[in-house]
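The values are calculated or read from the model by the stated rules, or taken from the named source; none is laboratory data. Keep in mind that what you see is a predicted model, and the values were worked out from it rather than measured. Heads up, the Cβs are rebuilt from the backbone with ideal geometry, glycines too, and the neighbour counts pull from every protein chain shown.
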Amino acid sequence: MKIIVIGSLGNIGKPLTQALVQKGHEVTVISSNPERKKEIEALGATAAIGLVDDVDFLTATFTGADVVHAMIPPTFAVPDMIEHARKAGAIQAKAIETSGVKRVVYVSSYGAELEKGAGLIVGHHHIENALLNLQGLESLTLLRATYIYYNLYQLVGMIKNAGFIAANYGGDDRVVMVSPEDIAAAAVEEIESTVTGKRVRYVASDERTCNEIARLLGKAIGKPDLKWLTISDDEMQKAYETNGVPAHTASALVEMFGAIHSGLLHEDYDHHRPEKIGKVKLEDFAKEFAVAFNQ
């Protein structure tokens, strides 16, 4: 099959591209960075260098493809991340429609069913709706990933400076986590599937409480007594703003993490929990976390 991968060679895009090439597919990887071209070609894929907000570029790249693996690369360099995601999703949807692509796998997020109350994830809600409203698709998978392990890297500085973890979720709050490798594996399955229609598939790797996460990460980095404290939304907002995060973005982050604390973020996941979850467990990620922490 001819497959288009959005996401360059990022945490998901690279293992996905490697797996698809190994299976004999003709893969084109979209990247905005010309310096990625040689690396993409070294994997056996074709590089399409351009911007994901350029509808003409996307349309030309999508034309003739059997499947588009869509996603919105995250960026904090915009004033309104939710609006940015909505616009980017609308551009990708238009390019898909105009190019005539019939099969799409979109990497979304748990909580994307929520129109409000999920912070930054509301951006995925708008994108899902744009894709669901496309009339020409024969197959659409909304691959809803849970809390991706690499988000935990954001805690490195706090642990080093404060000696503990603090957020507006913590303690015995449950976190459903996923590895990029497991997202990529699920994406391969959906890309190669012959099932038609529109469906949601959740992908997860492990489920732990914040206390368990702190214990396992702490053990890996030589701080077995590491604690994860729960602070108020106001304290979290102030901490973000003190560290230079724009108030609007900080508010969306506080709301998103607050939805973990309340359980809202994984309500639909709990009703549609996948029969099998990924292979990469928190203990596996803790080893990678320790490497990053000690650098």
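Here are some residues: THR209, THR230, THR242, THR249. Which one is of a type outside the set (Phe, Trp, Tyr) and exposed (fewer than 15 other Cβ atoms within 10 Å of the Cβ)?
THR242
State whether one or more residues within the range 242-257 are more than 30 Å from VAL78 (Cβ to Cβ) and aliphatic (A, V, I, L, M).
No, every residue in the range 242-257 fails to be more than 30 Å from VAL78 (Cβ to Cβ) and aliphatic (A, V, I, L, M).
Can you name the residue in the range 109-121 that is in contact with a strand residue (DSSP E or B) (Cβ under 9 Å, 6 or more places away or on another chain) and touching a residue at least 40 places away in the same chain (Cβ under 8 Å) and is also farthest from HIS69 (Cα to Cα) among such residues?
ALA118
Considering only residues of the range 130-158 that are free of Cβ contacts under 8 Å to residues at least 40 places away in the same chain and within 17 Å of the chain's Cα centre (by Cα), which is nearest to VAL200 (Cα to Cα)?
My answer is ASN151.
Do we find a residue being free of Cβ contacts under 8 Å to residues at least 24 places away in the same chain, in contact with a helix residue (DSSP H, G or I) (Cβ under 9 Å, 6 or more places away or on another chain) and more than 28 Å from VAL254 (Cβ to Cβ) anywhere in the range 88-108?
No, the conditions are met nowhere in the range 88-108.
If you check every pair at least six apart or on different chains, which have Cβ atoms under 7 Å apart with a residue in the range 269-284 that is touching a residue at least 12 places away in the same chain (Cβ under 8 Å) and among the hydroxyl-bearing types (Ser, Thr, Tyr) first and a residue that is assigned to a loop (DSSP other than H, G, I, E, B) and surrounded by 15 or more Cβ atoms within 10 Å (Cβ to Cβ) second?
Hits for this filter: TYR269/TYR110; TYR269/THR146.
Considering only residues that are buried (at least 16 other Cβ atoms within 10 Å of the Cβ) and of a type outside the set (A, V, I, L, M), look in the range 27-45 and name the one that is farthest from GLN92 (Cα to Cα).
The selected residue is GLU39.
Which one of the conditions (1) crowded, with 16+ Cβ neighbours inside 10 Å; (2) at pLDDT below 95 does PRO79 fail to meet, given that it meets all the rest?
Answer for PRO79: the failing condition is (1).
Can you name every residue in the range 115-172 that is small (Gly, Ala, Ser) and more than 25 Å from ALA95 (Cβ to Cβ)?
Across the range 115-172, the qualifying residues are GLY117, ALA118, GLY119, GLY157, ALA162, GLY163, ALA166, ALA167, GLY170, GLY171.
Looking only at residues that are β-branched (Val, Ile, Thr) and in a loop (DSSP other than H, G, I, E, B) in the range 101-146, which one is surrounded by the fewest Cβ atoms within 10 Å (Cβ to Cβ)?
Checking each candidate, the answer is VAL101.
Restricting attention to the range 153-185, and to residues there that are part of a helix (DSSP H, G or I) and in contact with a strand residue (DSSP E or B) (Cβ under 8 Å, 6 or more places away or on another chain), which single residue is nearest to VAL68 (Cα to Cα)?
ILE183
If LEU216 passes every condition in (1) among the hydrophobic types (A, V, I, L, M, F, W, C); (2) buried (at least 21 other Cβ atoms within 10 Å of the Cβ); (3) farther than 23 Å from ALA118 by Cβ; (4) in contact with an Asp or Glu (Cβ under 9 Å, 6 or more places away or on another chain) but one, which one does it miss?
Failed condition: (2).
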